[in-house]
Amino acid sequence: MAQPDSTTTAMGEGEGRKHPDGTTRRDFLYLASAAFAGTGAALTGWAFIHSMNPAADVLALASTEVNLQPIAPGQAITVTWRGKPVFVRHRTAEEIAKAKADDSAALPDPQPDSRRVQREQWLVLLGVCTHLGCVPLGQKPADSKGDYGGWFCPCHGSHYDTSGRIRRGPAPRNLEVPTYSFVNDSNIRIG
Amino acid sequence: MAKYDYVPSPFMANSIVKWVDHRLPIFSMIDTQLIKYPAPRNLNYFWNFGSLAGVMLVIMILSGIFLAMNYNPSTAGAFDSVERIMRDVNYGWLIRYIHMNGASMFFIVVYIHMFRGLYYGSYKYPREILWWLGLLIFLAMMATAFMGYVLPWGQMSFWGATVITNLFSAFPIVGESIVLWLWGGFSVDNPTLNRFFALHYLLPFVIAGLVLLHLWALHVHGSNNPLGIDAKGPQDKIPFHPYYTAKDAFGLAVFLIFYGYFVFFSPYTLGHPDNWIPANPLVTPPHIVPEWYFLPFYAILRAVPDKLGGVLLMFGSIAILFLLPWLDTSRVRSARFRPVYKVFFWLFVVCCLALGWAGAMPAEGVPLFVGQVATIWYFAHFLVILPLLGWFERPLPLPASIAEPILGGGRAGVMAAGKPMEKA
Ligand code: HEM
Ligand code: FES
C-alpha cells in the first residue's frame, strides 16, 4: 500500500513541499505579503510625513516687492518675505570699498562681494543668522554693527561684514542672498 | 529577587471583586503590585520622587486639558487667548499657574529622581532597561515642555522655537529639509504652532505609556535601595501598603506646599519676562535663554564654537546616559560603599550646576570658559572617570543583607521586629 501523503495531511497544503534547501512555498508567500504590506505602509507613511512639509498656499506666498527710493545711502530697511526678515541696505562708497577690500581676507565662507550683489550699492540679504536663526542687529542706526561694520548677532556672537559675510563667531555661512530682481531702477522683487 | 509568598488582602475575598477579577484581574494587579508589593525595608525619601513624578504627570495632563479648552492655537489668537485665560476665564489664572510652574516642578522632581539613580547605582544590572525607559521619558518630557513653551506665542516662545528647530540645520545635506519639514513653512509660523499644539497634547500620553513600561520593568526585579544590595529574603522587605503609601503621601504633602508656594506667591520666578511680549519675527530679544531646566544642555551647545560640533555634543550629552550602565565598570551599586565615586558624584553635581549657570549667561568671557570646562568635565565623568574607577577604587565591605545593618545581624529577632513579608 502506498504511504499516506503526509505533506498534505499533517502540515497543510504547501508547507510540506520543501525545496532541497529547506525553503517552502509558504516562505515565499510570507515574504511576498510582508513586502507588499511593508511597501504599502511605507508609502502611506510618506503621505503623513509629507503633509508636514510646507503646503501649497505657503509655497505660493513667495514674492514681495520693495521700493528702494526712500532708502538713503547708509540706511537700511527690513521687509518681510516668507515670514522672514530681509535686509535691504543702501551701502555707502566706503562700505562698498571695505567689502571689496576684504575679498582677499581670510573668510570662513569665501565669496567675493561681486557675487553677492547685483548693483553694488544695494545689498539684499536674508536677515537670518546662519547659526541658529536669530535676526542680527545692525539695521537701526543705534544698533551694534559688530567688529566688521555689517551686522552682529547677539544670540551667540556672530559678526558679519559689509557684504553680509560671516567673519567671526559660530555661524558657519554668510548671510544668504535671496533670489531677487530689479523690476526697474527703484524697485526690486524678492522671490 | 527572592520569592515571597503572597497572602491576598481581605478585600480580595469580596464576591464582586472576585467576579470582576475572574474576568479582568485588575484587583489582583492592584493587590500584588501596589498593596502587598514587597519593597526593600530601607528606602529613604529619595525613593519618593518616582511617585511625585507620576503625580506631576497627572497634574500636567489635567491642567493642560482645561487650558486647551480656552487656548487658541493660531499665531493671531494664541497670545490673546492666554491673556484671556489669565484675566477672564474663571480661575484661568490658577490653572495656568499650576501648568506653568508644574512644568518646572516636574523637572525638579525628575532631576532629583535621576541623580538618585546615579548616586545609588540604580542603572546597573538588572535595571538597564528600566534606566533606558526613564531616559526616554526624560526626552519626551523635554520635547513636551519645549513645545508647550511655544504655545503662549511670546518673544521667548518664538525665538526659543526658532533657535531650537534650527539646531537640526546643522546636519549636513538633510539639515535644511528637516527644518522646513519641522516648520511646515519657511519660518516658525502658524503651521508650526498648530503642530506643536497637537504634539504637546499627544506626548504626555506617550509619556504615560512609557511610565507603564518603566513600572513594569521596575516590578520585575523590584526597587534598588540605599545599600544597593539585593534583598536576600523576606526579612529585607515590607509590603508597599501601608508603609510606602504613607511615606509617599507625606512626601507629596511637603512637595505640594513647595509647589503651592510658587503657584500662589511667586508664579513668575521660574519664567522669563520677555514672554509677555507678543512674538515678533523681525526682532530677536538681545539675550535668548531657554527655560531653566534646559540651561545645562544649552551651555554645552554653546561651549563649542562650531555649529555642528555644538549640536552633536548637546545630543551626545544625553546619548551618553544610555551607555552609562556599561561605562560604570564597578559592580558595587551604592555610592555609600564607593568612597571615591562619592566624591566624583558630588563633583558631577557641581559640574551640572555650573553648566546651568553658564547656560543662563551670555556666551562670552568667564561664563563661556566655565561652560567649556564643565562640558569637558561632564564628558570626562562618563568616558574617563567612571570606567577607570571600577578598576582602581576599593569599595567598602558590603553588609550581608538589608536587614543586617538595621536590626544588627541576628535573624532570629528579625521576623518579629519589622512585621516583614512573613510566610503565611
Ligand atoms: C508632560 C506634561 C506637560 C508638560 C511638561 C507641559 C509643559 C508646558 C509648558 C512649559 C507650557 C508653557 C507655559 C507658559 O509659559 O504659559 C505649557 C503650555 C500649555 N500646555 Fe502643557 N505641558 C504638559 C502637558 C499638557 C497637556 C496634557 C495638555 C493638554 C492639552 C497641555 C496643554 C497646554 C496648553 C493649552 C498650553 C498653553 C497655555 C499656556 O501657555 O499657559 N499641556 N505646557
Ligand atoms: S543665532 Fe546668530 S549667533 Fe547663534
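Kindly identify segment B:72-163 as rounded, prolate or oblate by the Cα gyration tensor criterion: order the square roots of the eigenvalues as a ≥ b ≥ c, call it rounded if a/c is under 1.5, otherwise compare a/b with b/c, prolate if a/b is larger, else oblate. Prolate. Counting Cβ atoms of other protein chains within 10 Å of each Cβ in B:174-185 and taking the mean gives 3.
For the protein assembly as shown, the Cys residues with no second cysteine's beta carbon closer than 4.7 Å are B:Cys351, B:Cys352.
Mean per-residue shielding of peptide B:277-288 is 4, counting Cβ atoms of other chains within 10 Å of each Cβ. Among A:Phe28, A:Phe48, A:Phe152, the largest mean-square fluctuation in a Gaussian network model of chain A (Cα springs under 10 Å) belongs to A:Phe28.
Computed with a 1.4 Å probe on the full set of protein chains, the accessible area for A:Asp147 sits at about 100 Å². When B:Ser330, B:Ser177 are compared by accessible surface with a 1.4 Å probe, the order from highest to lowest is B:Ser177, B:Ser330. Taking 7 Å steps out from each Cα toward its Cβ at B:Val343 and A:Thr64 produces label points 6.0 nm apart. Which shape class applies to chain B: rounded if a/c is under 1.5, otherwise prolate when a/b exceeds b/c and oblate if not, where a ≥ b ≥ c are the square roots of the Cα gyration tensor eigenvalues? Judged from the Cα gyration tensor, chain B comes out oblate (a/c at least 1.5, b/c at or above a/b). Across A:Ala62, A:Ala47, A:Ala72, mean-square fluctuation computed from a Gaussian network of chain A (C-alpha pairs under 10 Å connected) peaks at A:Ala47. For segment B:40-288, the alpha-carbon coordinates run over 66, 49, 30 Å along the three principal axes, in decreasing order. Separation of segment A:26-65 and segment B:138-152, taken as the distance between their Cα centroids, equals 27 angstrom. Quote the FRET efficiency, to the nearest 0.05, computed for A:Ile49 versus A:Gln75 with a Förster distance R0 of 41 Å and r equal to the Cβ-Cβ distance. The formula returns an efficiency of 0.40 here. Mean sequence separation of contacting Cα pairs (under 8 Å, at least six apart), scaled by the length of chain A, corresponds to a relative contact order of 17 percent.
Our summary gives segment B:10-157 a relative contact order of 23 percent, counting only alpha carbon pairs under 8 angstrom and 6 or more residues apart.
Adding -39500 (n - 2.57) for every DSSP H run of four residues or longer, then dividing by how many residues the protein assembly as shown holds, sets the calculated 222 nm ellipticity at -16000 deg cm²/dmol. Solvent-accessible area of A:Thr44, all protein chains in place: 80 Å² (probe radius 1.4 Å, heavy atoms, ligands and nucleic acids excluded).
Modelled spin labels at A:Ala56 and B:Ile129, positioned 7 Å past Cα toward Cβ, are 4.8 nm from each other.
Structural descriptor for segment B:40-288: relative contact order 32 percent, calculated from alpha carbon pairs under 8 angstrom and at least 6 residues apart. Please compute the average number of Cβ atoms from other chains found within 10 Å of each residue's Cβ in peptide A:125-138. Mean shielding by partner chains, rounded to a whole number: 5. On a 0 to 90° scale, report how tilted helix A:25-50 is relative to the longest principal axis of chain A, with both axes built from alpha carbons and the result rounded to the nearest 10. It is inclined by approximately 20 degrees. In this view, the solvent-accessible surface of B:Met60, computed with a 1.4 Å probe and all protein chains in place, comes to about 30 Å².
With a Förster radius of 35 Å applied to the C-beta separation of B:Leu199 and B:Phe258, the computed FRET efficiency comes to 0.75. Chain A packed on chain B takes about 2200 Å² of accessible surface away from a 1.4 Å probe, both sides summed. The residues neighbouring B:Glu364, those whose beta-carbon lies less than 14 Å from its own, together hold a net charge of +1 under the Lys/Arg +1, Asp/Glu -1 convention. Other residues within the sphere of radius under 14 Å centred on the Cβ of A:Gln118, judged by their own Cβ, net out at +3 (K and R +1, D and E -1). The distance between label points at A:Tyr30 and A:Ser144 comes to 6.6 nm (points 7 Å beyond Cα on the Cα→Cβ vector).
Listed by number, the DSSP H helices of chain B that run 20 Å or longer by alpha-carbon position along their axis and have mean Kyte hydropathy of at least 0.5 are B:49-68, B:92-120, B:128-150, B:190-221, B:240-265, B:307-327, B:339-360, B:365-380.
Pair-distance distribution of chain A: all C-alpha pairs, bin width 10 Å, starting at 0; shares per bin in whole percent are 8, 26, 21, 10, 7, 7, 8, 7, 5, 2, 0. Along the Cα-to-Cβ line of B:Val220, 7 Å from the Cα, sits a label point; which residues in segment B:104-132 have backbone N less than 12 Å from it? Within reach of a label on B:Val220, which here means backbone N under 12 Å from a point 7 Å along Cα→Cβ, segment B:104-132 contributes B:125-132. Build a GNM of chain A with springs between Cα atoms under 10 Å apart, and of A:Thr39, A:Thr24, A:Thr130 the one that fluctuates most is A:Thr24.
Reported to the nearest whole Å, the Cα centre-to-centre distance from segment B:43-91 to segment B:345-400 is 34.
The values are calculated or read from the model by the stated rules, or taken from the named source; none is laboratory data. Not measured: the values here are computed from a predicted model. Note: ideal-geometry Cβ built from the backbone for every residue, glycine included; neighbour counts use all protein chains shown. Please note that ligands, DNA and RNA were not included when accessible areas were found on the heavy atoms of the full protein model with its side chains. Shrake-Rupley method; radii C 1.70, N 1.55, O 1.52, S 1.80 Å.
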